[in-house]
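Student: The structure that follows is given in the form of structure tokens.
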Amino acid sequence: MPWYPDNDGVFKLIGPKKIKVGANTPVKRIVIHTVGSANPESRTQAQNGCFGTWMGEKKDSMVSAHFCVERDGRVYQFADTDDITFGTGWCTGGSIHIEHAGNHPLPLTNDQMYYATKLMAWLAAVHPDIRLEVEGTDESDPGDPTKACITCHRFIQVAAKREIKAGRLSPMTITDKACPGKGIMEQLEEIALNARRWYRLSQ
């Protein structure tokens, strides 16, 4: 608990390298990712590109997420939102990590926008500390991802480098990623707006 009641299937992650059970508290942010698939229009990126990779060739790495939204809008869940998944090196706890099928620089499809933002509204209802507002504007201004917000993998990386340089964060290895890519980053305000609309409709 909680498991998204409108999910299209579950590929349940197990083991301490994929989830930290019951430790994701308080949940206050949503982090947006893209799968980064070599076949971005594939219909099985949740099963193969995420779960299959994490539990197969990358079973020994701490990489995971709570959800994946396929290009046609199907939502698959990998972990209870009360559990930590390892979507980023910083701000991984207190976060819900959502993968989106595709690859940089593709934007979300209309179906992804519809169903992903509906999911985000449910998350905000279940985890009331989440704020359905984007923190940051672009890579030059990633904002403060420690706040309650909607953010993305790339914003967190850029902000982490800033905090390390200022001595406010312990040094860590950061492998630069485009995730979620320019297409999705340019949609962040629309994503937040639609999530807020869904949230209001659900109340």
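The values are calculated or read from the model by the stated rules, or taken from the named source; none is laboratory data. This one's a predicted model, so the numbers in the text were calculated from it and none came from an experiment. Positions of Cβ are backbone-derived with ideal geometry, glycine not excepted, and every protein chain shown enters the neighbour counts. Keep in mind that these areas ignore ligands, DNA and RNA; they rest on the heavy atoms of the full protein, side chains included. Shrake-Rupley method; radii C 1.70, N 1.55, O 1.52, S 1.80 Å.
Student: Before anything else, pin down the relative contact order of the chain: Cα pairs under 8 Å, at least 6 apart, normalised by residue count, whole percent.
Tutor: 26
Student: Largest first, how would 95, 202 line up by accessible area (1.4 Å probe)? All intermediate terms of the calculation are to be shown ahead of the outcome.
Tutor: Working: 95 0, 202 75 Å².
Heavy-atom accessible area, descending, gives 202, 95.
Student: Put +1 on the Cβ of each Lys and Arg and -1 on the Cβ of each Asp and Glu in region 11-135; which of 84, 122, 134 then has its Cα farthest toward the positive end of the dipole?
Tutor: Farthest towards the positive end: 84.
Student: At 1.4 Å probe size, with no ligands or nucleic acids counted, give the accessible surface of residue 129 in Å², nearest ten.
Tutor: Surface open to solvent at residue 129 totals about 90 Å².
Student: List the residues whose amide H sits under 5 Å from the amide H of residue 149, counting only those 5 or more places along or on another chain, with H placed 1.01 Å from N in the peptide plane.
Tutor: For residue 149, whose amide H was placed from the backbone, the distant partners under 5 Å are 29, 30, 131.
Student: Now for a separate question. Whole-Hz Karplus ³J(HN,Hα) for region 34-43, in order, using 6.51 cos²θ - 1.76 cosθ + 1.60 and θ = phi - 60°, x for Gly and Pro?
Tutor: My calculation for region 34-43 gives 10, 4, x, 6, 6, 10, x, 9, 4, 8 Hz in order.
Student: Further question on the same structure: Please give the Cα centre distance for region 1-44 versus region 124-188, rounded to the nearest Å.
Tutor: Centre-to-centre distance over Cα atoms comes out at 18 Å.
Student: Determine ³J(HN,Hα), in whole Hz, for all residues of region 95-103 in sequence, where each value follows from phi through the Karplus function 6.51 cos²θ - 1.76 cosθ + 1.60 and θ = phi - 60°; x replaces Gly and Pro.
Tutor: 10, 10, 9, 10, 7, 10, 4, x, 6
Student: Find which of 7, 143, 100 sits farthest along the positive direction of the dipole of the chain, computed with +1 on the beta-carbon of Lys and Arg, -1 on that of Asp and Glu, about the Cα centre.
Tutor: 143
Student: Roughly to the nearest percent, how much of the accessible area of region 53-132 is carbon and sulfur, given a 1.4 Å probe?
Tutor: 51
Student: Another question, then. Would you work out the relative contact order for region 18-131, in percent, from Cα pairs under 8 angstrom that are 6 or more residues apart?
Tutor: 39
Student: Still on this model: Just the accessible area per residue of the chain, please: how many Å² with a 1.4 Å probe?
Tutor: Accessible surface, normalised per residue, equals 46 Å².
Student: Simple spin-label model, 7 Å along Cα-to-Cβ: residue 193 to residue 163 in nm?
Tutor: Rounded to a tenth, the inter-label distance reads 3.0 nm.
Student: What shape does region 16-77 have by the C-alpha gyration tensor, where a ≥ b ≥ c are the square roots of the eigenvalues, rounded means a/c under 1.5, and otherwise prolate means a/b greater than b/c and oblate the rest?
Tutor: oblate
Student: Place a +1 charge on the Cβ of each Lys and Arg in region 126-169 and a -1 charge on the Cβ of each Asp and Glu, then give the dipole magnitude about the Cα centre in debye, rounded to the nearest 20. Display every interim value, and only then the final one.
Tutor: Working: 7 positive and 8 negative charges, 49 e Å.
Computed charge dipole of region 126-169: roughly 240 debye.
Student: If you don't mind, there's one more thing I want to ask. Lysines within cross-link reach of residue 59: Cα-Cα under 21 Å, excluding same-chain residues under 8 positions apart?
Tutor: Answer for residue 59, where 21 Å is the Cα cut-off: 12, 17, 18, 20, 177, listed by chain and number.
Student: Where nothing but the Cβ of Lys and Arg (+1) and of Asp and Glu (-1) is charged, how large is the charge dipole of region 135-201 around its Cα centre, in debye to the nearest 20?
Tutor: So the magnitude is around 200 debye.
Student: A further question follows. Counting only DSSP beta bridges with both residues in the chain, tell me the antiparallel percent, nearest 5. Provide the component values of the computation, followed by the final result.
Tutor: Numbers: 6 of 22 bridges.
Roughly 25 percent of the DSSP beta bridges within the chain come out antiparallel.
Student: From the phi of every residue in region 60-65, what ³J(HN,Hα) in whole Hz does the Karplus formula 6.51 cos²θ - 1.76 cosθ + 1.60 yield, where θ is phi - 60° and glycine or proline is x?
Tutor: Whole-Hz 3J(HN,Hα) from phi for region 60-65: 9, 9, 8, 10, 5, 8.
Student: Just need the relative contact order of region 97-203 here, percent rounded to a whole number, with Cα pairs under 8 Å and 6+ apart.
Tutor: Numbers: 125 pairs, mean separation 41.8, N = 107.
Value for region 97-203: 39 percent.
Student: Could I ask something else about it? Report, in debye and to the nearest 20, how large the dipole of the chain comes out about its Cα centre when Lys and Arg carry +1 and Asp and Glu carry -1 on their Cβ.
Tutor: Using only the charged Cβ atoms, the result is roughly 400 debye.
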